[in-house]
1. Would you pick out the residues in the range 180-196 that are without any contact (Cβ under 8 Å) to a residue 24 or more places away in the chain and within 22 Å of Thr18 (Cβ to Cβ)?
2. Picking from Asn37, Asn6, which residue would you name as being part of a loop (DSSP other than H, G, I, E, B), closer than 29 Å to Gly128 by Cα and modelled with pLDDT of 95 or more?
3. Out of (1) within 21 Å of Pro192 (Cβ to Cβ); (2) modelled with pLDDT of 95 or more; (3) in contact with a Phe, Trp or Tyr (Cβ under 9 Å, 6 or more places away or on another chain), what's the single condition that is false for Tyr138?
4. Looking at this structure, is Val145 of a type outside the set (Ser, Thr, Tyr), in contact (Cβ under 8 Å) with a residue 40 or more places away in the chain and crowded, with 21+ Cβ neighbours inside 10 Å?
5. Within the range 177-223, take every residue that is among the hydroxyl-bearing types (Ser, Thr, Tyr) and in contact with a Ser or Thr (Cβ under 7 Å, 6 or more places away or on another chain) and give me the one that is surrounded by the fewest Cβ atoms within 10 Å (Cβ to Cβ).
6. Considering each residue of the range 1-27, count those that are closer than 24 Å to Gly80 by Cα and surrounded by 15 or more Cβ atoms within 10 Å (Cβ to Cβ), and give that number.
7. Of all residues in the range 79-116, how many are of a type in the set (S, T, N, Q), part of a loop (DSSP other than H, G, I, E, B) and at pLDDT 80 or above?
8. Could you list, in sequence order, the residues of the range 161-173 that are crowded, with 17+ Cβ neighbours inside 10 Å and either without any contact (Cβ under 8 Å) to a residue 60 or more places away in the chain or not in a loop (DSSP other than H, G, I, E, B) (or both)?
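The values are calculated or read from the model by the stated rules, or taken from the named source; none is laboratory data. No experiment lies behind these values; they were computed from the predicted model shown. Every residue, glycine as well, gets a Cβ built from its backbone with ideal geometry; the counts of neighbours run over all protein chains shown.
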Amino acid sequence: MSYGQNKASGLEAIKTITGAPWNGQQNPYPIKSGYENNIFVGDLVYVGGDGYLHNLSELLAANYPTAQAVGVFNGCSFVGSPANSIDFASPGGQYWPAGTVTSNGQDATGFVIDDPSVVFNIQTNGAGLAFNAQGSTYGVSYTYVSGSVTSPTGDFNSGTSSLVLNSSSVNPGLIGYNLRVQRFVPVPGNVPIAGGPAIPFNNVEVLIQNHSFASRPVGTTPA
């Protein structure tokens, strides 16, 4: 993470709600061969009506801030097709490249941090958050690749997401928004002063508020 700078890396698992370190728990979910949207490490994902893993981004900006997520994408494994892979015998890597056709059309495996008790570190957008944001819920914001309205962009070398918390979410106290702010990451210069202004691009520790495996109470609305 890079604090105070616009270097988003999506949702990064750091611990559980009890304060215990996150020890790598994740579960496999199928990704359909040819799935047309990128999925980067740190993106929010859901299981669609077809039973396959989908990026929340495909629901578009009008819908994904209030959509339910099964968890956070943490890489994938697949065997590429000889037709579109130089080294088709190698497994997949950090992220799912949009439109990838697997060998014989077999399902790929996506790994998802789906425990609703996991706390994540995420960067806010340029507006940042003020001290009274703690306890409130906010939507996320994806950036789409050029020419697409469903497939997000990210770091195509590291496979890292460009997802951020949208501090400009309307009525952030509503239960339906993606993330609930637990606290600010305790790094010098990252925590705003009570009653003071927001800090641009600051990072917060969050829970997935609208989670497939949890029912959470309503968040607070900043005064």
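1. Within the range 180-196, the subset without any contact (Cβ under 8 Å) to a residue 24 or more places away in the chain is 186, 188.
Hit for the range 180-196 is Pro186, nothing else.
2. Checking each option against the conditions leaves just Asn37.
3. Of (1) within 21 Å of Pro192 (Cβ to Cβ); (2) modelled with pLDDT of 95 or more; (3) in contact with a Phe, Trp or Tyr (Cβ under 9 Å, 6 or more places away or on another chain), only one is false for Tyr138: (2).
4. On the way: of a type outside the set (Ser, Thr, Tyr): yes; in contact (Cβ under 8 Å) with a residue 40 or more places away in the chain: yes; crowded, with 21+ Cβ neighbours inside 10 Å: no.
It is false that Val145 is of a type outside the set (Ser, Thr, Tyr), in contact (Cβ under 8 Å) with a residue 40 or more places away in the chain and crowded, with 21+ Cβ neighbours inside 10 Å.
5. Narrowing the range 177-223 to residues among the hydroxyl-bearing types (Ser, Thr, Tyr): 177, 212, 215, 220-221.
Filter again for in contact with a Ser or Thr (Cβ under 7 Å, 6 or more places away or on another chain), leaving 177, 220-221.
Numbers: Tyr177: 24, Thr220: 16, Thr221: 13.
Across the range 177-223, the extreme among qualifying residues is Thr221.
6. Keep residues of the range 1-27 that are closer than 24 Å to Gly80 by Cα, which gives 26-27.
Imposing the further condition that a residue be surrounded by 15 or more Cβ atoms within 10 Å (Cβ to Cβ) reduces the set to 26.
Number satisfying all stated conditions: 1.
7. Quick first cut of the range 79-116, residues of a type in the set (S, T, N, Q) only: 81, 84-85, 90, 94, 100, 102-104, 106, 109.
Then drop every residue that is not part of a loop (DSSP other than H, G, I, E, B), which leaves 81, 84-85, 90, 94, 100, 106.
Restricting the remaining residues to those that are at pLDDT 80 or above gives 94, 100, 106.
Final tally of qualifying residues: 3.
8. At the first step, the residues of the range 161-173 found to be crowded, with 17+ Cβ neighbours inside 10 Å are 161-167, 169, 172.
Within the range 161-173, Ser161, Val164, Leu165, Ser167, Pro172 meet the criteria.
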